[in-house]
Amino acid sequence: MKSKEWWAAARALRQIPRHQRRGIVQAADLLAVDVAGIRPSLAIGERLGIQLRGSAEPSLAEVVSIGRSSARAVIFGETSNMAEGDEVVALESPGLRVGQGWLGRVVDPLGRPLDGKGPLLGGQHARPTRAAAPPAATRQRLGPPVGVGVRVLDAFCTMREGQRIGLFAASGIGKSTLLATMARAAAFDVVVLGLIGERGRELREFIEDDLGPEGLARSVVVCATSDAPAALRREAGYASLAVAERFRDAGHRVLLLLDSVTRFALACREIGLAAGEPPATRGYPPSVFRELPALLERAGPGGPGAGSITALMTVLVEGDDHDEPIADAVRGILDGHAVLERRIAEAGRYPAVEVLRSLSRSAPGCLTPDQAGLVRQARKILSLRDEVADLVRLGAYRAGTDASVDQALRMAPRIDAMLHQARGEVSTLEEAFARLAEALSDAPA
């Protein structure tokens, strides 16, 4: 065959449409659809495009369960216009083309821009949103201590590079403001914020007031608001990790802020129930407790030559119950926890972190002897102050009765003052311990 004829034949072959696996909608409800007629049969996790009648754009869905004659898929959009017999097409494996051009941008979990700044400048290769964690035997160990910009966490819940900490609190205690302060910490190259189930009105407030132009410039914000379908809210968690992993694999020190793991779990619960799973612990189906470690274990140090993902993830505790199923499961997976208390916020001290209930499992391996001594002394003083607080309020304790109690009552307010941090104020690790040492100096109050 002559060269011109060969190239003409090759062009003609490329123009032939690829074979598409097609089927139809068999049944639908508000969360999911049953799809039939696609051969070869579908696999769990496969993406579908559903052509709605009267709509130019197909609706995206994901297969969550397989039956003998049909598959069930959850919808990334609305199901209100869906009807029996709508055409369904199996799509190629999804992925996000994450690149340097994503910095400073706000995107949805499918990689579509939300900020009105035009198309995203992505990378050459698509990165799957579902991925395994780096192999446990080859991933690096935690790095040196790293400051997150918040004195109370730097001093009493000291983190190491690549560590994962949970922020446990009820709603309305200042978690978002705390995350914004961390996003401005200077110890990280890239910040990835995953906002899962956030109130729609809060997105611009968070970006413009809390994060600011400087914080946004080195950040990628992945957002799915509370009114988004469950599949999209769940995908926000996976997409946030995929974005963070791209920058980690490029050697960057990444700070991942995920708000919140609870809303991710709630989305997983909706999907699990729609797929026909039985409700188990407080209505959560078993798949939720499989999805949580699969997501959270992806954060942390990478393999040889890679960077790290240092993660802070918020957990909403229902009715201040810190032993509810999601909080209990997440606490067992992460490398430490910080507890925010409403009574501390109501007293006017922010961040409202309860020092005595917060800990970092990696702190003993990264603090100097002097720093560890300061933390032990401060915890002892705060614990003793709390023990006698009721007696002091009732007037049942007289000064001079116990020297250690007198010292605790004198020095605890100084520690509280050191822990208070104004909105927008960013601290450093060295400053946190210097301020703690100053508060513990036995000078007259």
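The values are calculated or read from the model by the stated rules, or taken from the named source; none is laboratory data. All values reported here derive from a predicted model rather than from experimental measurement. Counting neighbours? That spans all protein chains shown, and the Cβs are built from the backbone with ideal geometry, glycine included. Note: accessible area is taken over every heavy atom of the protein model, side chains too, but ligands, DNA and RNA are not part of it. Shrake-Rupley method; radii C 1.70, N 1.55, O 1.52, S 1.80 Å.
What are the pairs with Cβ atoms under 7 angstrom where one residue, in segment 70-90, is open to solvent by 30 Å² or more (accessible area, probe 1.4 Å) and modelled with pLDDT of 85 or more and the other, located anywhere, is small (Gly, Ala, Ser) and assigned to a loop (DSSP other than H, G, I, E, B)? Sequence gap at least six, or different chains.
Listed pairs, sorted by first residue: ARG72/ALA275.
In segment 105-134, what residues are touching a strand residue (DSSP E or B) at 6+ places or on another chain (Cβ under 8 Å), open to solvent by less than 40 Å² (accessible area, probe 1.4 Å) and either touching a residue at least 24 places away in the same chain (Cβ under 8 Å) or under 14 Å from GLU245 (Cα atoms) (or both)?
Matches in segment 105-134: ARG105, VAL106, VAL107, ASP108, PRO109, GLY111, THR129, ALA133, PRO134.
Go through segment 28-40 and report how many residues are surrounded by 14 or more Cβ atoms within 10 Å (Cβ to Cβ) and in a loop (DSSP other than H, G, I, E, B).
3
Output yes when any residue across segment 77-100 is part of a helix (DSSP H, G or I) and not small (Gly, Ala, Ser), and no when none is.
The answer is yes, given that some residue of segment 77-100 is part of a helix (DSSP H, G or I) and not small (Gly, Ala, Ser).
Is it fair to say GLY424 is under 30 Å from the mean Cα position of the chain (by Cα), on the phi > 0 side of the Ramachandran plot and either in a loop (DSSP other than H, G, I, E, B) or basic (Lys, Arg) (or both)?
The answer is yes for GLY424.
Counting just the residues of segment 135-176 that are of a type in the set (Lys, Arg) and part of a loop (DSSP other than H, G, I, E, B), which one comes out surrounded by the most Cβ atoms within 10 Å (Cβ to Cβ)?
Among them, the one singled out is ARG139.
What are the residues in segment 189-200 that are touching a residue at least 60 places away in the same chain (Cβ under 8 Å) and in contact with a Ser or Thr (Cβ under 7 Å, 6 or more places away or on another chain), if any?
Those that are touching a residue at least 60 places away in the same chain (Cβ under 8 Å) and in contact with a Ser or Thr (Cβ under 7 Å, 6 or more places away or on another chain): VAL191, VAL192, LEU193, GLY194, ILE196, GLY197, GLU198.
Inside segment 15-27, can you point out the residues that are closer than 12 Å to LEU91 by Cβ and either modelled with pLDDT of 85 or more or buried (at least 19 other Cβ atoms within 10 Å of the Cβ) (or both)?
ARG21, ARG22 - these are the residues of segment 15-27 that are closer than 12 Å to LEU91 by Cβ and either modelled with pLDDT of 85 or more or buried (at least 19 other Cβ atoms within 10 Å of the Cβ) (or both).
Would you check if there is a residue in segment 284-301 being hydroxyl-bearing (Ser, Thr, Tyr) and over 16 Å from LEU167 (Cβ atoms)?
Checked against the condition, which is being hydroxyl-bearing (Ser, Thr, Tyr) and over 16 Å from LEU167 (Cβ atoms), segment 284-301 yields at least one hit.
Residues in segment 54-69 that are under 17 Å from GLY111 (Cβ atoms), touching a strand residue (DSSP E or B) at 6+ places or on another chain (Cβ under 8 Å) and open to solvent by 30 Å² or more (accessible area, probe 1.4 Å): how many?
Number of matching residues: 2.
ARG184: closer than 25 Å to ARG201 by Cβ, over 14 Å from the mean Cα position of the chain (by Cα) and not aliphatic (A, V, I, L, M), yes or no?
yes
Of (1) surrounded by 11 or more Cβ atoms within 10 Å (Cβ to Cβ); (2) without any contact (Cβ under 8 Å) to a residue 12 or more places away in the chain; (3) assigned to a helix (DSSP H, G or I), ALA439 satisfies all except one. Which?
Failing condition for ALA439: (2).
LEU179 is checked against (1) farther than 20 Å from SER427 by Cβ; (2) surrounded by 23 or more Cβ atoms within 10 Å (Cβ to Cβ) and fails just one. What number does that condition carry?
(1)
So LEU203 clears everything in (1) within 17 Å of ARG105 (Cβ to Cβ); (2) hydrophobic (A, V, I, L, M, F, W, C); (3) under 13 Å from the mean Cα position of the chain (by Cα) except one condition, right? Which one?
Result: LEU203 fails condition (3) only.
If you go through segment 183-195, how many residues are touching a strand residue (DSSP E or B) at 6+ places or on another chain (Cβ under 6 Å) and open to solvent by less than 50 Å² (accessible area, probe 1.4 Å)?
Of the residues in that region, 9 qualify.
Can you name the residue in segment 345-362 that is at pLDDT below 90 and assigned to a helix (DSSP H, G or I) and is also surrounded by the most Cβ atoms within 10 Å (Cβ to Cβ) among such residues?
ALA345
So which of VAL150, VAL190, VAL107 is among the β-branched types (Val, Ile, Thr) and under 21 Å from GLY302 (Cβ atoms)?
Just a single option satisfies the conditions, and that option is VAL190.
Within segment 363-388, track down each residue that is among the small types (Gly, Ala, Ser) and surrounded by 13 or more Cβ atoms within 10 Å (Cβ to Cβ).
Result: ALA363, ALA372, GLY373, ALA378, SER383.
For ALA132, state whether it is under 19 Å from the mean Cα position of the chain (by Cα), over 30 Å from ARG290 (Cα atoms), part of a loop (DSSP other than H, G, I, E, B) and of a type in the set (A, V, I, L, M).
no
Which one is least open to solvent (accessible area, probe 1.4 Å), of the residues in segment 334-344 that are of a type outside the set (A, V, I, L, M) and under 14 Å from LEU153 (Cβ atoms)?
By that ranking, first place goes to GLY336.
Could you grab me the full set of residues in segment 389-424 that are in contact (Cβ under 8 Å) with a residue 60 or more places away in the chain and open to solvent by 60 Å² or more (accessible area, probe 1.4 Å)?
Scanning segment 389-424 gives HIS420, ARG423.
Anything in segment 388-409 that is of a type in the set (Lys, Arg) and closer than 16 Å to LEU440 by Cα? List them, or say none.
Selection gives nothing.
Where residues in segment 331-340 are in contact with a strand residue (DSSP E or B) (Cβ under 7 Å, 6 or more places away or on another chain) and not in a loop (DSSP other than H, G, I, E, B), which of them is farthest from LEU179 (Cα to Cα)?
ARG331
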